[in-house]
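All remarks here apply to the structure that follows.
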Amino acid sequence: MAPLLSMSGITKSFPGVRALDGVDLGVEAGEVHCLLGQNGAGKSTLIKVLSGAHQPDAGRIVWQGREVRLSTPLRAMRLGVATIYQELDLVEHVSVAENVFLGHEVATRGIVRPRATRERAAALLDRLGHPEIDPATPVRELPAAAAQIVSMARALSHDTRLIVMDEPSAALDPDETANLFRVVARLTSEGVAVVYISHRLEEIRRIGDRVSVLKDGRVAARDLPAATTPTADLVTLMTGQAARQPFPPRAPLPPQAPASGSDPAPLDPDAGSAEPVLRAEGLAREGEFAPLDLELRPGEIVGLAGLVGSGRSEILETLYGARRPTAGRVLVDGAPLRPGSIRAAVRAGIGLAPEERKSQALFLLESVVRNVTVSALPRFSRGGWLDSRGERAAAAEHTRELALSPDDPERPVRTLSGGNQQKAVLARWLLRGCRVLLLDEPTRGVDVGARAELYAVIRRLADSGVCVLLVSSDLPEVLGLADRVLVLREGRVVHTAPARRLDERRVLDLVMEGSASC
């Protein structure tokens, strides 16, 4: 039987770069075909060709045995191809039902039928196994996992035969990811095909049937069995190098001074220096996280582990001054910070690399130079004039230190891969002389090769004396990088331990159910 989709010899060039060079891809009905590759390998360009957003320079697309031209996204959608991007394109201020049928409203003689729209949306949500999602709810009130389901319902509203999912688990916790996999299994059992793109290689074995790998715009491997192809082989195919240990070894932390009588408990021998750079005392935000005490010492990496919504990001943003605490205080070198003041936090040496770097940390249309120097512009001001030469030199020094690629400080930051955009954010805080670095999902949307580079950067910063507070939904990342881990559940710290004494199963048990020993 002919495959549902066959793409052959797909070529696409942009000024100065060939993004796709003779790419072939075949997808069978009812399968999950995983598409892998580093940032810049051509994955995004290929799915934009498949979705009708880009037109190939050469090649053939055969859909259900017939050659087709996917001239527009609407044409692709009408044929039965839907794409769900990592950054969901939902309209937040309207309801779930209106989003599901956006652009092809349920109407009679041009008059939209709200009740029928809600009923049909409810039927699609039930088909996906989520009848609890209310079609009348505004999308902005939904958690990330529910919004993902709404995007899938919208895809199915077009009688879709093939769904492309771009990093669908990036913003989901382990339980939500498992639920996503159940939904995907339900769809494939009905004959719907899925092209699944992820940087999380452990997911491929759990959900995939076949794997194809892109490298530098070409096919490095096709149709590998997902269940039996070793992860190390996939890494080698993507990077052209043998797989390496992603978490570099740490230098020993400075020894602690003996615990004093004023200490509430003996100091952890794995916690490093007895004198913290940052201390949070009874810090809380009503409705987000309960009072917590936290200390960060020079050279120490502390991980916050917990489900999405457990208060992880809110804690980082409160320490950074982006949220005002309802109780407690933050001290740097023993001096209390003005609550809810980003300026005070930055002046004290605190830097934040937020989860949504494109919308919260980067000026996408500006150069790498300006993105790196933006927090320290007064340093380059001379009598009201900006010292552009000094600004470029300082930015170049720190981007080279982090091995940012390409080595072109004048390049618009939007043209960089996810990993190099993250390096630009880190270079900003290096330039500022940051002593406390708050990292929220630092490798989200970053490929396996760039992840190893970022891990090395984070470790080098810690070894130089910077203290790091790390939030990640990737438990191996937290356990592999951190010295200590604080486990959060429903806004409360339920367990604290050295990372070497924890494993993934133990942390998941703690965040899901708690423990009598906590």
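Values quoted throughout were computed directly from the atomic coordinates according to the rules given, and no laboratory measurement underlies them. As the structure is a computational prediction, the values presented were derived from the model and not from experiment. Note: ideal-geometry Cβ built from the backbone for every residue, glycine included; neighbour counts use all protein chains shown.
Summary of computed values
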item: Order by protection proxy (mean Cβ within 10 Å, highest first), peptides 24-33, 177-186, 147-156; result: 147-156, 24-33, 177-186
item: Tensor-based shape of segment 293-364 (alpha-carbon gyration tensor, a/c under 1.5 rounded, otherwise prolate or oblate); result: rounded
item: Pairs from LYS48/LYS215; LYS43/LYS423; LYS12/LYS423 whose Cα-Cα separation, in the structure shown, is over 24 Å; result: LYS12/LYS423
item: Alpha-carbon centroids, segment 16-37 and segment 134-211: separation in whole Å; result: 19
item: Shape of segment 318-450, Cα gyration tensor, a/c cut at 1.5; result: oblate
item: By average C-beta atoms within 10 angstrom, highest first, the peptides 441-453, 6-18; result: 441-453, 6-18
item: Directionally averaged projected area (convex hull, Cα atoms, segment 91-160), nm²; result: 4.4
item: Sum of -39500 (n - 2.57) over DSSP H runs of 4+, divided by residues of the chain (222 nm, nearest 500); result: -9500 deg cm²/dmol
item: Antiparallel DSSP beta bridges within the chain, as percent of all bridges there, nearest 5; result: 55
item: Cβ-Cβ FRET estimate between ARG389 and THR231, R0 fixed at 56 Å, reported to 0.05; result: 0.75
item: Distance (nanometres) between label positions extended 7 Å along Cα→Cβ at GLU490 and GLU105; result: 4.2
item: Mean projected area (nm²) of the alpha-carbon convex hull when the chain is viewed from all directions; result: 27.3
item: Hz values of 3J(HN,Hα) by residue in segment 34-50 - Karplus curve (6.51, -1.76, 1.60), Gly and Pro given as x; result: 8, 10, 10, x, 5, 4, x, 6, x, 4, 4, 5, 5, 6, 6, 5, 5
item: Segment 378-510, relative contact order in percent, only Cα pairs under 8 angstrom and at least six apart counted; result: 16
item: Listed peptides 488-499, 301-312 by packing density, highest first (mean Cβ within 10 Å); result: 301-312, 488-499
item: Shape category assigned to segment 35-132 from the gyration tensor of Cα positions, a/c cut at 1.5; result: prolate
item: LEU377 versus VAL112: modelled label distance in nm, points set 7 Å from Cα along the beta carbon direction; result: 4.1
item: Net lengthening on full extension, SER189/ARG60 (0.36 nm per residue, minus Cα-Cα); result: 43.6 nm
item: Potential lengthening between THR137 and LEU364 on full extension [0.36 nm per residue; Cα-Cα distance subtracted]; result: 78.5 nm
item: Folded to 0 to 90 degrees: helix 144-156 orientation relative to the chain principal axis, Cα; result: 10
item: Nitroxide proxy distance, nm - points 7 Å out along Cα→Cβ at GLU202 and SER71; result: 4.7
item: Relative contact order of the chain, defined on C-alpha pairs under 8 angstrom at six or more residues apart (%); result: 14
item: Among beta bridges that DSSP assigns inside segment 108-254, antiparallel share in %, nearest 5; result: 55
item: Rel. contact order, % - alpha carbon contacts under 8 angstrom, at least six apart, segment 27-116; result: 17
